[in-house]
Amino acid sequence: MPALPKAYIENIANFVDQEVTLQGWLYNKRSSGKIQFLLVRDGSGMIQCVVSRADVSSDAWQAGEALTQESSLEVSGRVRADKRAPGGYELTATDLKVVQIAEEYPITPKEHGVDFLMNNRHLWLRSRRQHAALRVRAEIIHALQEFYDSNGFVRVDTPILTPAACEGTTTLFETDYFGEPAYLSQSGQLYNEATMMAFGRVYCYGPTFRAEKSKTRRHLMEFWMIEPEIAYADLDECMRWEEESVAYVVRRVLQTRAAELEVLERDTSRLQKVAVPFPRISYDEALEILKKAGEEIPWGEDFGGGHETIISEDFEKPVFIHGYPTKAKAFYMQPDPQRPEVTLSVDLIAPEGYGEIIGGGQRIHDLNLLEQRLEEYNLPREPYEWYLDLRRYGSVPHSGYGQGIERTVAWICGLEHVRETIPFPRLLYRMYP
RNA sequence: UCCCCGAUAGCUCAAUGGUAGAGCGGACGGCUGUUAACCGUUAGGUUCGAGGUUCGAGUCCUCGUCGGGGAGCCA
């Protein structure tokens with residue numbers, strides 16, 4: 001094979017009328033007696049390569065004949081703009097070399113069931129829609145980090161192995177730490193509050209674990225969260241960081257991942273409307289909306305997924321719900337000084353029924369109140385001594401929040417289920433592959 | 001943990017209680033512009049498991065296993 005420049009399909013427009021070599025895999029093939037249409041993907045994109053029997057060596061033609069779905073190959077040829085091609089470009093092949101002939105590939109270009117696809121998740125990742133969703137996921141993570149990094153936040157990551165519950169409510173995965181019990185982190189927040197006192201504005205990004213037997217389209221046992229924590233921020237500033245970051249990310253994905261959104265058949269007109277400011281309603285106002293929709297729930301109870309959907313349908317953008325009842329929220333939530341029965345907490349509900357994508361609020365900064373809350377929630381004092389220290393040495397009002405990456409990806413991509421937003425989802429009763 | 005639904009060829013699905021089939025994928029052959037290409041030939045089955053009803057069960061009943069959707073909980 002001649003030494004031609006290597007190209008990636010995402011940059012193929014830069015090589016029009018030049019001869020290049022692509023290294024990739026066969027996605028699909030259509031052929032007749034004298035012409036082969038090879039749909040080749042290389043991880044960066046997909047392009048159709050046209051092999052004419054008259055134009056290539058006999059070896060190259062035979063190589064094309066032998067190719068099965070997902071066989072790996074190197075193909076050289078001239079890049080050509082062609083209106084008939086879905087991506088706008090085609091490669092007129094001059095040479096073709098098989099790297100490996102794939103065995104009979106289980107995922108055919110027809111419909112498949114969820115169970116089968118999940119059992120073949122390691123292969124399913126190559127499919128067009130899965131590839132697009134994970135490309136968008138990568139863009140979202142990149143954009144979020146870029147947003148915080150360029151706004152004075154320092155990324156300071158928190159431990160995954162922890163000695164005790166962060167919030168004491170949810171079930172934790174327990175593991176053995178040289179004879180001592182250790183737990184997989186369900187949130188970096190408490191540690192974030194410590195690093196925030198050192199760096200002012202921080203965020204952590206990493207996996208979190210919930211041993212809840214949740215079996216819905218919005219739940220994973222292992223999911224990723226980005227958690228900012230901001231010194232001297234009140235609830236209002238907290239909401240402003242949330243909406244600015246979310247609007248930034250949506251704008252960014254629309255700009256750079258339009259092709260992927262199209263593969264996903266996402267209606268982007270809904271995303272175009274996601275600009276600051278986001279609407280803000282109180283818990284009490286949310287109850288009113290539910291009441292009008294015929295879903296009356298008693299004051300003090302938290303919303304279910306169905307309730308969030310009803311509320312989100314009243315708004316075009318993500319909507320803040322703030323001021324949840326104290327008893328419905330975690331022990332560290334700062335009570336509203338005007339109404340101690342509610343907290344300075346806030347959830348951000350995504351549009352179109354995608355549910356809560358961010359939860360957070362202002363934290364208790366007063367030592368005595370925090371000690372009192374630990375008692376009220378029946379939490380042991382000793383594991384929280386270091387956390388109480390943060391209120392002994394220069395305590396300040398502060399706020400923070402946690403954004404669930406998979407729910408954010410599901411919303412922006414318009415996906416039915418979070419299992420398609422992460423490469424290898426950990427689901428209830430499913431840990432393979 | 002609870003409620004609902006499902007399991008038949010590698011995959012997606014058909015089959016009134018009466019001989020288990022199609023499309024895709026595989027193999028072989030044909031076709032010079034195909035777009036989930038098309039056309040012909042062909043191979044491919046312990047109908048999830050264990051019992052039961054019946055002359056006869058893929059089909060009806062019981063139990064179990066696995067999976068899907070949802071609830072609760074949450075991001």
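Okay, here's what the table says:
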| quantity | calculated |
| --- | --- |
| 20 Å-binned pair-distance histogram of chain A (Cα, whole percent) | 23, 46, 24, 7, 0 |
| Highest-first arrangement of A:124-131, A:346-353, where packing means the average Cβ count within 10 Å | A:346-353, A:124-131 |
| Considering only region A:313-370, percent of DSSP beta bridges that pair antiparallel, nearest 5 | 100 percent |
| Gyration tensor verdict on region A:175-330 (Cα atoms; rounded if a/c is under 1.5, prolate if a/b is larger than b/c, oblate otherwise) | rounded |
| Average accessible area per residue (Å²) across region A:132-246 - probe 1.4 Å, nucleic acids and ligands excluded | 44 Å² |
| Chain A: calculated mean residue ellipticity at 222 nm from DSSP helix runs of at least 4, using -39500 (n - 2.57) | -8500 deg cm²/dmol |
| Stretch gain in nm, segment A:H142-A:V16, where the contour uses 0.36 nm per residue and the Cα spacing is subtracted | 42.4 nm |
| A:W61 accessible area, assembled protein chains, probe 1.4 Å, Å² | 10 Å² |
| Debye, to nearest 20: dipole size of chain A, +1 on Lys, Arg Cβ, -1 on Asp, Glu Cβ | 1580 debye |
| Exceeding the 27 Å Cα-Cα cut-off - candidates A:K213/A:K291; A:K213/A:K317; A:K34/A:K83 | A:K213/A:K291; A:K213/A:K317 |
| Region A:9-100 - share of DSSP beta bridges that are antiparallel (%, nearest 5) | 90 percent |
| Spin-label pair A:T175/A:R80, simplified geometry with 7 Å Cα→Cβ offset, distance in nm | 5.5 nm |
| Candidate lysines for bridging to A:K110, where Cα separation is under 16 Å - those fewer than 8 sequence places away on the same chain excluded | A:K29 |
| Dipole axis of chain A (+1 Lys, Arg; -1 Asp, Glu on Cβ), positive-most option in A:P5, A:G300, A:Y205 | A:P5 |
| For chain A, built as a Gaussian network whose Cα springs stay under 10 Å, the top-fluctuating residue of A:Y232, A:Y283, A:Y401 | A:Y232 |
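The values are calculated or read from the model by the stated rules, or taken from the named source; none is laboratory data. Keep in mind that this is a model prediction, so the values were computed, not measured. Neighbour counts are summed over all protein chains in view; Cβ atoms, including those assigned to glycine, are modelled from backbone coordinates with ideal geometry. Just so you know, the surface numbers come from the protein's heavy atoms only, side chains and all, with ligands and any DNA or RNA stripped out. Shrake-Rupley method; radii C 1.70, N 1.55, O 1.52, S 1.80 Å.
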